[in-house]
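Peer 1: To start, I am sharing the structure in question, which I have written as structure tokens.
The values are calculated or read from the model by the stated rules, or taken from the named source; none is laboratory data. Since the structure is predicted, the reported quantities are computational estimates derived from the model, not experimental observations. FYI the Cβ positions are ideal-geometry reconstructions off the backbone, even for glycines, and counts take in every protein chain you see.
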Amino acid sequence: MRHFLTLKDFTQEEIIEINELAISIKKETKEKVMKKYMPNKTLGMIFEKSSTRTRVSFETGIYQLGGVGLFLSSNDIQLGRGEPISDTSRVISSMVDMIMIRNDSQKELEEFASYSKVPVINGLTDKFHPIQLMADYLTICECGLKNNIIVAYVGDGNNMTHSWLMLAAKLGFELRVATPKGYEVDKKILKDALKIAKKSGAKLIISNDPKSAIKGATVVTTDTWVSMGQEEEKEKRIKDFKGYMVDAKMMKLAHKKAIFLHCLPAYREYEVSTEVFEKYAPNIFAEAENRLHAQKAIMVWLDRKRDEK
């Protein structure tokens, strides 16, 4: 049995295999061929943090695969009232076929998974957002950039940045991360990514210079500067991130065929200008839709691995 907690746990071949499955499942979906890959299977969806894309994509996805999704907020289960994680995991996993969790702690997610009898999927934690990166990689491939990936990530050294580090390290492409001083990526995660990169040939560049990062990049991406739970830091962060907004002037430094991606929600005139967002809106919303297809592939892949002898 396999879990989907961080891309660090997957080989290059497995990531590509899941992506190819996503391409196939998306094609079938567009042709209205809804194959029931997971008939009568139940997906437990635990949300300690609210979400738009994660809930809609997983609930729709499991339904299209022939199963049913069960939404559980922290107000609905004992986990939100002090029950040990181990107890909640053993109970829920005895009643469902797969579990997706969106919470504040990678450590707690991993503890939950260690007691689970069924595959557990990371729907977002403080350290990683791997399902988003699978959707991003699918989008990059659809844009014809599979063999020419040079990613520039401009912004906060957060869970998205960490996930980009892992994807680049595993697949062997070039990633340039530019963050303001004081907002750098987690040192341990960077160390892990650099170790993996030595084997794959990936080039990971960390700096505080967004213009240098974007120059010649084929993919430019960013994320909100003020994530959920950081609202009290908003004014300070806006000041600290001055010069990090991806605007038209900055995008001109990128490759002439570059695309811009954003995991959403996007706050115009903060991390991205309205002009850039609207120009690349087709890519951004294709990326958002790809959450559905990438996550269906992840669920099917995990379900198959569970059944393997």
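Peer 1: Can you tell me which residues in the range 201-253 are surrounded by fewer than 19 Cβ atoms within 10 Å (Cβ to Cβ), within 12 Å of residue 271 (Cβ to Cβ) and modelled with pLDDT of 95 or more?
Peer 2: 242, 243, 247, listed by residue number.
Peer 1: Also, quick follow-up: Six or more apart or on different chains, Cβ atoms under 7 Å: show the pairs whose first residue is in the range 2-20 and in contact (Cβ under 8 Å) with a residue 12 or more places away in the chain and whose second is of a type in the set (Lys, Arg) and part of a helix (DSSP H, G or I).
Peer 2: 2/305; 7/170; 10/170; 12/170; 15/170
Peer 1: Could you look through the range 47-86, keep only residues that are basic (Lys, Arg) and surrounded by 14 or more Cβ atoms within 10 Å (Cβ to Cβ), and pick out the one that is farthest from residue 293 (Cα to Cα)?
Peer 2: Of everything passing the filter in the range 47-86, 49 is farthest from residue 293 (Cα to Cα).
Peer 1: Then there is this: Can you tell me which residue is nearest to the chain's Cα centre (by Cα) among those in the range 185-222 that are more than 27 Å from residue 16 (Cβ to Cβ) and not in a strand (DSSP E or B)?
Peer 2: If we take residues in the range 185-222 being more than 27 Å from residue 16 (Cβ to Cβ) and not in a strand (DSSP E or B), then 187 is nearest to the chain's Cα centre (by Cα).
Peer 1: Does residue 114 satisfy the condition of being of a type in the set (Gly, Ala, Ser), outside the structural domain of residue 180 (by TED's automatic domain parsing) and within 21 Å of the chain's Cα centre (by Cα)?
Peer 2: It is false that residue 114 is of a type in the set (Gly, Ala, Ser), outside the structural domain of residue 180 (by TED's automatic domain parsing) and within 21 Å of the chain's Cα centre (by Cα).
Peer 1: Testing residue 149 on (1) modelled with pLDDT under 95; (2) closer than 20 Å to residue 290 by Cβ, one condition comes back false. Which one is that?
Peer 2: (1)
Peer 1: Pairs under 7 Å by beta carbon, first residue assigned to a loop (DSSP other than H, G, I, E, B) in the range 150-173, partner among the charged types (D, E, K, R), six or more apart or different chains?
Peer 2: Qualifying pairs under 7 Å: 155/223; 155/271; 156/223; 157/184; 158/223.
Peer 1: Among the residues of the range 93-113 satisfying the criterion of being hydroxyl-bearing (Ser, Thr, Tyr) and in contact with a Ser or Thr (Cβ under 8 Å, 6 or more places away or on another chain), which is nearest to residue 301 (Cα to Cα)?
Peer 2: Only one residue tops the list, namely 93.
Peer 1: Of the residues that make up the range 24-35, is at least one in contact with a strand residue (DSSP E or B) (Cβ under 7 Å, 6 or more places away or on another chain), in contact (Cβ under 8 Å) with a residue 60 or more places away in the chain, assigned by TED's automatic domain parsing to the domain that holds residue 74 and over 13 Å from residue 66 (Cα atoms)?
Peer 2: no
Peer 1: Can I ask one more? Which of (1) over 15 Å from residue 179 (Cβ atoms); (2) in a loop (DSSP other than H, G, I, E, B) is the odd one out, the single condition residue 225 does not satisfy?
Peer 2: Failed condition: (1).
Peer 1: Looking only at the range 11-43, how many residues end up being over 30 Å from residue 105 (Cβ atoms), of a type outside the set (D, E, K, R) and not in a helix (DSSP H, G or I)?
Peer 2: Of the residues in the range 11-43, 5 are over 30 Å from residue 105 (Cβ atoms), of a type outside the set (D, E, K, R) and not in a helix (DSSP H, G or I).
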